[in-house]
Amino acid sequence: MELKQAFGQALKQLRTAKGLTQEDFSNISSRTYLSTLERGLKCPTLEKLEGLASVMEVHPLSLLAAAYQIKSDEDGLDSLLARVRAEVGSPASGSK
């Protein structure tokens with residue numbers, strides 16, 4: 001699956017799980033734009049990603065992790081998070 005499609009699917013899944021409608025995002029985006037994201041036709045900017053996540057009250061990384069989990073459909077969330085933790089470093093090690 002392409003990343004744009006996986007992101008759209010993740011966005012829609014998280015939005016509906018939170019009980020939100022496309023209209024609930026009207027402060028940061030039009031319903032038409034949100035629809036194009038959910039259908040995998042466009043990719044958001046980092047600023048838009050942050051805004052979408054804010055409306056859903058999730059961390060932007062959670063939205064991206066959900067998209068990559070859908071895209072790869074192989075290792076699972078624990079494996080993905082372990083990889084990110086290893087590549088970025090843990091807060092306990094003083095990295096930020």
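The values are calculated or read from the model by the stated rules, or taken from the named source; none is laboratory data. Since the structure is predicted, the reported quantities are computational estimates derived from the model, not experimental observations. Methodologically, a virtual Cβ is constructed for each residue, glycine included, from the backbone with ideal geometry; neighbour enumeration extends over all protein chains shown.
Some points to look at:
- In the set (1) more than 16 Å from the chain's Cα centre (by Cα); (2) part of a loop (DSSP other than H, G, I, E, B); (3) modelled with pLDDT of 90 or more, the condition left unmet by THR32 is number (2).
- The single condition among (1) surrounded by fewer than 15 Cβ atoms within 10 Å (Cβ to Cβ); (2) under 21 Å from ARG85 (Cα atoms) that MET1 does not meet is (2).
- GLU23 of a type in the set (D, E, K, R), within 22 Å of GLN69 (Cβ to Cβ) and in a helix (DSSP H, G or I): no
- If the condition is being loosely packed, with under 14 Cβ neighbours inside 10 Å and among the hydrophobic types (A, V, I, L, M, F, W, C), then segment 62-79 contributes only LEU77.
- Only listed residue being among the hydroxyl-bearing types (Ser, Thr, Tyr) and within 22 Å of LEU80 (Cα to Cα), chosen from SER29, SER62: SER62
- Segment 4-27, residues that are surrounded by 15 or more Cβ atoms within 10 Å (Cβ to Cβ) and in contact with a helix residue (DSSP H, G or I) (Cβ under 6 Å, 6 or more places away or on another chain): ALA6, PHE7, GLY8, GLN9, ALA10, LEU11, LYS12, LEU14, GLN22, PHE25
- Where a residue in segment 10-30 is of a type in the set (Val, Ile, Thr) and its partner, wherever it lies, is part of a helix (DSSP H, G or I) and surrounded by 11 or more Cβ atoms within 10 Å (Cβ to Cβ), with Cβ under 6 Å and at least six apart: ILE28/GLY51
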